[in-house]
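Report on the structure given below.
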Amino acid sequence: MEVYLLRHGIAEDAPPGKSDADRALTPEGRQKLRRVLGRARAAGVEPTLILASPYRRAVETAEVAVESLGYRGKVVQTAALAPNAAPQEVWGEIRARRTEDSVLLASHEPLMSSLLALLLNSPALKVDFKKAAMARVDLDRFGAEPDGILKWMLTPGTSGE
């Protein structure tokens, strides 16, 4: 299985009286996502499933991925991708969907960097997972502990445009 970790794009500051979960992507955030996702599409990224945190900025990030990658399915929201979730919860979601060929996860920091470390079976790994960055990890076993291989990582600054 190919697993794509996609951190949400730049989001607005939370206005007074609104919750963090309601923060929307900015135009710049959408632009940087499109740049990274355009490069991903050129590399052949075609998710068979997209999962997203229920937070607005992650849902909007998933919607940009739908548009940019030509995805035809529904985006599935899961609390396992909320900012305060544990990487092991996400591993459970991935394991439950092991028949998928390619899963894209739209979420937040610090979950994305700690999830990447978990998927690579390298708990001490430290990753600077920028906003709108995307990483590909390949998995071929779905036991209690993941043992994936990092294939690549794109950031808006390295997206080739």
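The values are calculated or read from the model by the stated rules, or taken from the named source; none is laboratory data. Because the structure is a prediction, the values reported are computed rather than measured. Please note: Cβ atoms are built from the backbone with ideal geometry, for glycine as well, and neighbour counts cover all protein chains shown.
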Scope segment 114-149; condition in contact with a Leu (Cβ under 8 Å, 6 or more places away or on another chain) and either more than 18 Å from residue 95 (Cα to Cα) or β-branched (Val, Ile, Thr) (or both); matching residues: 125, 127, 129, 132, 133, 134, 135, 137, 149
Members of segment 118-155 that are closer than 28 Å to residue 28 by Cβ and hydrophobic (A, V, I, L, M, F, W, C): 127, 129, 132, 133, 134, 135, 137, 150, 152, 153, 154
Residue that is modelled with the lowest pLDDT [pool: residues in segment 105-126 that are over 24 Å from residue 64 (Cα atoms) and of a type outside the set (Gly, Ala, Ser)]: 123
Qualifying residue in segment 5-13 (condition: within 24 Å of residue 98 (Cβ to Cβ), crowded, with 23+ Cβ neighbours inside 10 Å, charged (D, E, K, R) and touching a helix residue (DSSP H, G or I) at 6+ places or on another chain (Cβ under 7 Å)): yes
Residue that is farthest from residue 95 (Cα to Cα) [pool: residues in segment 37-51 that are part of a helix (DSSP H, G or I) and either touching a His at 6+ places or on another chain (Cβ under 8 Å) or among the hydrophobic types (A, V, I, L, M, F, W, C) (or both)]: 42
In segment 20-36, the residues that are out of contact with any helix residue (DSSP H, G or I) (no Cβ under 9 Å at 6 or more places or on another chain) and either among the polar types (S, T, N, Q) or in a strand (DSSP E or B) (or both): 26
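Just for segment 138-161: of the residues that are touching a strand residue (DSSP E or B) at 6+ places or on another chain (Cβ under 7 Å) and within 18 Å of residue 62 (Cα to Cα), which one is surrounded by the fewest Cβ atoms within 10 Å (Cβ to Cβ)?
Residues of segment 138-161 touching a strand residue (DSSP E or B) at 6+ places or on another chain (Cβ under 7 Å): 138-139, 148-154.
This time we only want the ones that are within 18 Å of residue 62 (Cα to Cα), so: 153-154.
Working: 153: 17, 154: 23.
Per the criteria, the residue is 153.
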Hits in segment 1-30 - residues which are out of contact with any strand residue (DSSP E or B) (no Cβ under 8 Å at 6 or more places or on another chain), touching a residue at least 12 places away in the same chain (Cβ under 8 Å) and not acidic (Asp, Glu): 21, 30
Qualifying positions in segment 1-46 - in contact with a Phe, Trp or Tyr (Cβ under 9 Å, 6 or more places away or on another chain) and of a type in the set (Lys, Arg): 7, 23
Members of segment 49-84 that are farther than 24 Å from residue 30 by Cβ and modelled with pLDDT of 95 or more: 79, 80
Per-region count, segment 83-129, residues aliphatic (A, V, I, L, M), farther than 14 Å from residue 148 by Cβ and in a loop (DSSP other than H, G, I, E, B): 3
Exclusive hit being outside any loop (DSSP other than H, G, I, E, B), touching a residue at least 12 places away in the same chain (Cβ under 8 Å) and out of contact with any helix residue (DSSP H, G or I) (no Cβ under 8 Å at 6 or more places or on another chain), set 59, 64: 59
